[in-house]
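K.L.:
Quick one: the structure is below, and I'll ask about it shortly.
No value in this document is a laboratory result; all are computed from the given coordinates. Bear in mind that the values here come from a model prediction, so they are computed numbers and not experimental data. Reconstructed Cβ throughout: ideal geometry from the backbone, glycine too, with neighbour counts over all protein chains shown.
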Amino acid sequence: MHQHSHDHCTMLTIVEAARILRVAVATTRYWRQIDYGPRSFKVGRHVRYWECEVRDWLQQLSSPPQRPVWAER
C-alpha cells in the first residue's frame, strides 16, 4: 500500500468507510477483526480510516495480480 502523509486526506468513520467500500458496517468491523481490508486506527475509542488508504486498497483489489518472484525462475 502507498504511504501517505495524510495532509490532504480525509479521516473517515467506520460508517463512511463502509459506504465507500459498498459493504455493510458489520462487514467492515469483521474485516478489521480478521486483519483484512484497509488499515484502520483508533482515535480515543473511535475507529477511523484515512480515505486515501481506503481508495488505495480498493484500487489494489482491481489491479491484475502480480506474478510471485519464485514463479519467474
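K.L.:
Mind sorting out which of (1) 14.1, 48; (2) 30.2, 103; (3) 19.1, 64 is the real Rg and Dmax of the Cα atoms in Å computed from the coordinates?
P.N.:
Computing Rg and Dmax of the Cα atoms in Å and matching it to (1) 14.1, 48; (2) 30.2, 103; (3) 19.1, 64 gives (1).
K.L.:
Further, regarding this structure: Using the number of other C-beta atoms within 10 angstrom as an exposure proxy, rank SER63, SER40 with the fewest first. Don't jump to the answer; show the numbers that get you there.
P.N.:
On the way: SER63 7, SER40 19.
Sorted ascending by nearby Cβ count, the order is SER63, SER40.
K.L.:
If you don't mind, another one. Using +1 at the C-beta of Lys and Arg and -1 at the C-beta of Asp and Glu, which of TRP70, THR27, MET11 has the Cα lying farthest in the positive direction of the dipole of the chain?
P.N.:
THR27
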